[in-house]
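Just so you know, all these numbers are worked out from the coordinates, no wet-lab data involved. Every value quoted in this text rests on a predicted model; they were computed, and no experiment measured them. Backbone-built Cβ (ideal geometry, glycine too); neighbour counts: all protein chains shown.
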Amino acid sequence: MSDLNKSSSTEHRLIAVDWGTTNFRSYLIDEYGVCIDSISNDDGVIKSSGHFELILQRHIGQWLNSKQATTVVLSGMIGSQIGWFEAPYVDCPVSVNDFGKHVIQIKSFNQGNCWLVPGAKYTSDSDVLDVMRGEELQVIGAYQLQETNSDGLFCCPGTHNKWVSVKNGQMKTISTSMTGEAFSLLKQHSILSHSLEDEFVWHEKAFISGLKYSQRSGGLLNHLFSVRTKFISGQQSKEEGSSYLSGLLIGHEIHSIITSQHKSSVIPTTIIGSSQLCQSYSQALTYFGVANYCVPAQLSTVAGVYNLFTMIKEKK
């Protein structure tokens, strides 16, 4: 546990559980909204095999038994059709500060002081549906952490990247890009795999080259083949190939977001996360002229749960 997560308080008020498909993350939060302990493992929803209460007791039982942490808030895929209980998606636009009124009580756990955060959904003008679970809580938290709650775009990089626009205190739109999964599939199961080193080694120059190439005419499907041609022509090594492919995919993703959805390249963007992937998105956004900064995922999740706590108390 880092010094950033330490607190002198002994009156613990919240347990936040970010329960995804493959990962389980929980945070013990004091009455000031400070994370003072955390647990992370691979007991995701799928691995849990339906034994959700047992998994909770195993990982956060010691916090519950202290009789200090009274409220449990669950978010992520635990509220999906494959989770414990299904929490219906909330339609966008939805107020950032009022999202807590949509939480669902789980009466069978922790004497009913257990709450499930629903996901959010958005249907575009062209009747395209998009959804998210877990990221909505991070967006709420990251929005609250701003010195001034201003309009902007929030990016949650991952296997399926989420882009959420916030305007006038409301989550307005959601856009999902399967960039992370596409990268993995292309790297492992396509003809391009023969032009890429198995182990990913970061090459900034190659990444920038991919960003630059993504702006050419021809489209993504045409551009992808350049990973192969650059290798067979000797212009690029296998070791550089993965960074180039990453730049190519991220470049197309960002260009699409800032031109087709938001009609502007100057919308300030908050990137939620702390991995190399987040740094790559920050570098790419900067390359495209978009002001941006990063907020750690844990910090945004904790802040999001703390924001919801006010409305949860009203539901008790």
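Details
- When only Cα pairs below 8 angstrom with a gap of at least 6 residues are kept, the range 28-131 shows a relative contact order of 22 percent.
- Net charge, Gln138 excluded, C-beta distance under 14 Å - Lys, Arg +1, Asp, Glu -1: 0
- Structure-based [θ]222 nm, the chain - -39500 (n - 2.57) summed over DSSP H runs of at least 4, per residue, nearest 500: -11000 deg cm²/dmol
- Charge-dipole axis of the range 80-236 as Lys and Arg at +1 and Asp and Glu at -1 on Cβ define it, positive-most pick from Ile191, Gly119, Phe99: Ile191
- For the chain, relative contact order (Cα pairs under 8 Å, six or more residues apart, normalised by length) works out to 16 percent.
- Set Lys101/Lys167; Lys121/Lys230; Lys172/Lys238; Lys121/Lys313; Lys162/Lys212; Lys47/Lys121 screened for pairs whose C-alpha atoms are more than 30 Å apart: Lys121/Lys230; Lys172/Lys238
- Each of His160, His189 was scored by other Cβ atoms within 10 Å of its Cβ. Arranged with the fewest first, they read His189, His160.
- Excluding the site residues themselves, the longest part of the chain lacking any GluC sites (Glu not before Pro) in a DSSP loop with at most 11 other Cβ atoms within 10 Å is 12-146.
- Point-charge dipole on Cβ atoms (K/R +1, D/E -1) for the chain, about Cα centre, debye to 20: 240 debye
- Taking Cα centre as origin and charging only the Cβ of basic (Lys, Arg, +1) and acidic (Asp, Glu, -1) residues, the dipole magnitude of the range 195-262 rounds to 360 debye.
- Note on Lys205: aspartates and glutamates with a C-alpha under 13 Å away, same-chain residues under 8 apart excluded, are Glu239, Glu240.
- Helix 179-189 vs. the chain, principal-axis angle (Cα, 0 to 90°, nearest 10): 60 degrees
- Using alpha-carbon coordinates, inclination of helix 135-145 to the longest axis of the chain, degrees: 80 degrees
- The angle between the Cα long axis of helix 238-256 and the longest principal axis of the Cα atoms of the chain comes to about 70 degrees, rounded to the nearest 10.
- Among Met132, Met178, Met77: highest mean-square fluctuation, GNM of the chain, C-alpha pairs under 10 Å: Met178
- The order of Thr269, Thr301, Thr148, Thr310, going from fewest to most other C-beta atoms within 10 Å of their C-beta, is Thr148, Thr310, Thr269, Thr301.
- Max mean-square fluctuation residue, GNM over the chain, Cα-Cα springs under 10 Å, options Asn110, Asn23, Asn65: Asn65
- For the chain, built as a Gaussian network whose Cα springs stay under 10 Å, the top-fluctuating residue of Gly251, Gly44, Gly219: Gly219
- Low-density loop cleavage sites - trypsin sites (Lys or Arg not before Pro) in the range 184-240, where at most 15 other Cβ are within 10 Å (DSSP): Arg216
- With a Förster radius of 22 Å applied to the beta-carbon distance between Lys101 and Gln68, the computed FRET efficiency rounds to 0.25.
- In loop segments of the range 76-165 as defined by DSSP, the trypsin sites (Lys or Arg not before Pro) with at most 12 further C-beta atoms inside 10 Å of their C-beta are Lys107.
- Span from the the range 20-44 Cα centroid across to the the range 47-93 one, whole angstrom: 11 Å
- Working note: Karplus 6.51/-1.76/1.60 with θ = phi - 60° gives the range 100-106 the couplings x, 6, 9, 5, 10, 7, 9 Hz, where Gly and Pro are set to x.
- Fewest-first sequence of Ile232, Ile29 by Cβ atoms within 10 Å of each Cβ: Ile232, Ile29
- Calculated SAXS-style log₁₀ I(q)/I(0) at q = 0.14, 0.16 Å⁻¹ - the range 122-256, Debye, Cα scatterers: -0.72, -0.86
- Using equal-weight Cα scatterers in the Debye expression, the normalised intensity of the chain in log10 at q = 0.12, 0.16 Å⁻¹ is -0.84, -1.28.
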